[in-house]
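All remarks here apply to the structure that follows.
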Amino acid sequence: MCGIVGYIGQDKATPFLIEGLSKLEYRGYDSAGIAVYNGETIRVEKSLGRLEVLEQKIKGNEPEGSIGVGHTRWATHGRPSDRNSHPHTDCTGKFVVVHNGIIENFMSLKEMLIEKGHTFRSETDTEVVAHLLEEVYEEGELLEDTVRKVLNMVEGSYALVIMSEHDTGKIVCAKQDNPLVIGLGEGENFIASDIPAIIQRTRRTYILSDGEMAVVKSDSVWVYNRDGVPITKKVFEVNWDAEAAEKGGYEHFMIKEIYEQPKAIRETMSARLAKDGSGISLNELKWTKHDLADIKKIFIVACGTAYHAGVVGKYYIEKLARIPVEVDIASEFRYRSPLVDKDTLAIVISQSGETSDTLAALKEVKAMGARTLAVTNVVGSSIAREADNVLYTWAGPEIAVASTKAYTTQLIMMFMLAVYMGQLNGKVAPERAAELVEALKQVPTQIHEMLEDVEPIKTFATKYGFNEDVFFVGRSLDYAVALEGSLKLKEISYIHAEAYAAGELKHGTLALIVEGIPVIALATQEDIYDKTVNNIKEIKARDAVVIGIALEGDKNIAKYVDHTIFVPRTNSLLAPLLAVIPLQLLAYYAAITRGCDVDKPRNLAKSVTVE
Ligand code: AGP
């Protein structure tokens, strides 16, 4: 997820571009850049680092001109660096592009363009668009016509904002799966990924829809559909205040990120699904079955929510690839003299890619000869750079301290890795892989549907939000999700919550289950459903209040619990992705009920870079 701005009007463009990008840094902040047309040429200035690095770079020598675009980056392809920063240009420098999204067929396009003599300066997918514009451009052609030709060649998701010295006095935008807003001014117009960047200048906007293009001039904005037919857009008056706008109209980043999960999951899996639907292809790894055959043991090492994703990952890999897996909390792993050697694969999971305990464990296992693989959400992070291989989740920046979309994209990544391993070592037959992928593709829509109606969960949260003790129980994958649900509730509502393996309650903790205690019982795993129900009966016999999390169509559960939250029916292995959603929401609304600081809970930091 990146931040894009554009300006065309009578004023200087640079001040708006910088100010607008500063309002969008929550969308990405590993590098930034601007391009401004001064009446003769387009000047590009960009740099690695936060926006202030760029500001320092141009201080006293700001680009002149009243047409410009800007970008603040959240890297997906190509680590953060000066040359991977946007804007990107073609060989001549006469086409300038900023982009948010993923051009999925960029490798094949890049190869074609290199064969035609184009020279690339970056590792990004975006730069391909600039060279395509140069390649298909015909002398005297309108910029929007050149852009339309290119859009027919690229596949994937994009918010593209393009300028050219061949056709000045306009900026052309195109939107597919990534947001773009046009701000309507007087004698000036604005472009942005998101409303916070323009709200100080205008509240009258066009919200572009998928497939639409816009030609933005200082005194006009024309919007076209995919076929180039002009369409009349309705003006959307923004009535949010500036702070709410940064959260996209949501009250907190956490709830915004909970609602971003369908898109985050779709982005994380889209380029890794084999084109013929036959399974998973992880081009970042390019492992062979011999590579995998050399791995006798896998350790998954992480902290907090990432550790909980690792617990699910263990189930996935052992179930699908039949390779032994141990999961460890990073701060424990390092001090227990783990049995690691060259036949070991260590998988470290970290949203930030900067968690000290996890980074230290990674360095330790590398020194012991293990092969290492990082699953992280931050391109070019310390953990990404340290590991032999990296699988990036593409969740976009996660601002709230409580991890939500990072967790579900980590689960998706671990699931795809397990299927990929099973394909490689023959433990997952092609038809099984296809069946698993088919179920996987339904997950974003299923989560979207769950998020359409959160009232029952709000009710529970309000009703039980003032309880001082809550238990989460489950078996197998349900227990793994219970761990995450318990952490969510603890860290943002400050309620003491505990996750327990349902079968383990009778060995001690049942002593704490008394009348009125809320117990969240997860019962999505059909192979051990009856055992879980028996544990629920034990709990109910102590007059606790039990909220069941079960699969739609389960006609049995209501007999044993006080309330039920149903999740869409899916392959048991994928149930964690759905079962965690009500638990995230339960924690969120309980925290609201208790007046807690949801996005910045006490004592906690988003990235724990101390041991
Ligand atoms: C989870 O909600 C917390 N923010 C915390 O447990 C977090 O998951 C943990 O600190 C690990 O962070 P990382 O994924 O960035 O390594």
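Sorted from greatest to least, the principal axis extents spanned by the alpha carbons of segment 331-414 come out as 35, 22, 21 Å.
Overall dimensions of segment 245-394, expressed as equivalent-ellipsoid semi-axes from the Cα gyration tensor (√(5λ), whole Å, largest first), are 27, 20, 13.
Its residue count N sets the reference 2.2 N^0.38 Å, and the alpha-carbon radius of gyration of segment 32-172 equals 0.99 times that reference. Based on the reciprocal of the average 1/r between different C-alpha atoms, the Kirkwood radius for the chain equals 25.5 Å. Starting from one equal scatterer on each C-alpha and no solvent at all, send me the Debye-based log10 I(q)/I(0) for segment 503-611 at q = 0.23, 0.24 Å⁻¹, two decimals. After summing over all Cα pairs, the log10 values are -1.20, -1.25. The relative contact order of the chain comes to 11 percent, based on Cα pairs under 8 Å that sit 6 or more residues apart. Once you reduce segment 379-417 and segment 226-244 to the center of their Cα atoms, the two points are 32 Å from each other. With K and R counted +1 and D and E -1, the other residues having a Cβ less than 14 Å from that of Phe472 yield a net charge of -3. Applying Stokes-Einstein at 20 °C and 1.002 mPa s to the Kirkwood radius of segment 388-459, computed over alpha-carbon pairs, gives a translational diffusion coefficient of 148 µm² s⁻¹.
For segment 270-282, 3J(HN,Hα) computed residue by residue from phi via the Karplus equation (6.51, -1.76, 1.60; θ = phi - 60°) reads 4, 7, 10, 8, 4, 4, 8, x, 7, x, 10, 10, 9 Hz, glycine and proline entered as x.
For segment 48-61, backbone phi angles converted through the Karplus equation (6.51, -1.76, 1.60; θ = phi - 60°) give residue-by-residue couplings of 5, x, 5, 4, 5, 5, 5, 4, 5, 5, 9, 3, x, 9 Hz, Gly and Pro being listed as x.
What the Cα convex hull of segment 265-305 gives, in volume per residue, is 119 Å³. Peptides 451-461, 395-405 ranked from most to least packed give 395-405, 451-461, packing being the mean of other C-beta atoms within 10 angstrom over each peptide's residues.
When peptides 386-394, 579-587, 324-332 are sorted by average Cβ neighbour count within 10 Å, with the highest value leading, the order is 579-587, 386-394, 324-332.
Per residue, segment 479-593 exposes 34 Å² of solvent-accessible protein surface, assessed with a 1.4 angstrom probe and all protein chains in place. Taking the convex hull of the alpha carbon positions in segment 449-507 and averaging its projected area over all directions gives 4.8 nm². Note on Lys488: lysines with a C-alpha under 16 Å away, same-chain residues under 8 apart excluded, are Lys256, Lys405, Lys458, Lys600, Lys606.
How big, in percent, is the set of alpha carbon pairs in segment 154-278 lying more than 23 Å apart?
That tail contains 40 percent of the Cα-Cα pairs.
Within the shell defined by Cβ-Cβ distances under 15 Å, the residues around Leu285 carry a net charge of 0, with Lys and Arg each +1 and Asp and Glu each -1. Averaged over residues, the count of other Cβ atoms within 10 Å places the peptides 224-235, 79-90, 547-558 in the sequence 79-90, 547-558, 224-235, highest first. Which value does Rg/Rh take for segment 175-233 over its C-alpha atoms, Rh per Kirkwood? Result: Rg/Rh = 0.95.
Per-residue 3J(HN,Hα) values for segment 572-588, derived from phi via the Karplus relation 6.51 cos²θ - 1.76 cosθ + 1.60 with θ = phi - 60°, read 3, 5, 8, 4, x, 5, 8, 5, 6, 4, x, 6, 4, 5, 4, 5, 4 Hz in sequence order (x marks Gly and Pro).
Sorted largest first, the spans of the alpha carbon positions of segment 72-137 along the three principal axes are 29, 23, 17 Å. Counting protein heavy atoms only, segment 45-164 has 47 percent of its accessible area on carbon and sulfur, 1.4 angstrom probe. Cross-link reach is defined here as a Cα-Cα straight distance under 21 Å, omitting same-chain residues fewer than 8 places apart; for Lys537 the lysines meeting it are Lys506, Lys555, Lys559.
Counting 0.36 nm for each residue step from Asp227 to Thr288 and taking away their Cα separation leaves a gain of 17.6 nm. Straight-line reach only, C-alpha to C-alpha below 14 angstrom: list the aspartates and glutamates that Lys490 could link to, leaving out same-chain residues fewer than 8 apart. Of all the aspartates and glutamates, those that pass the test against Lys490 - Cα under 14 Å, at least 8 places apart if same chain - are Glu468, Asp469, Glu498, Asp597, Asp599. Measuring max minus min along each principal axis, the C-alpha atoms of segment 277-352 give extents of 39, 26, 23 Å (largest first).
For Ala544, the residues whose modelled amide H falls within less than 5 Å of its own, excluding neighbours fewer than 5 places apart on the same chain, are Gly516.
The values are calculated or read from the model by the stated rules, or taken from the named source; none is laboratory data. Because the structure is predicted, anything quoted here is derived from the model rather than measured. Don't worry about glycine lacking a Cβ; one is built from the backbone with ideal geometry, like all the others, and counts go over all protein chains shown. SASA here: full protein model, heavy atoms, side chains in, ligands and nucleic acids out. Shrake-Rupley method; radii C 1.70, N 1.55, O 1.52, S 1.80 Å.
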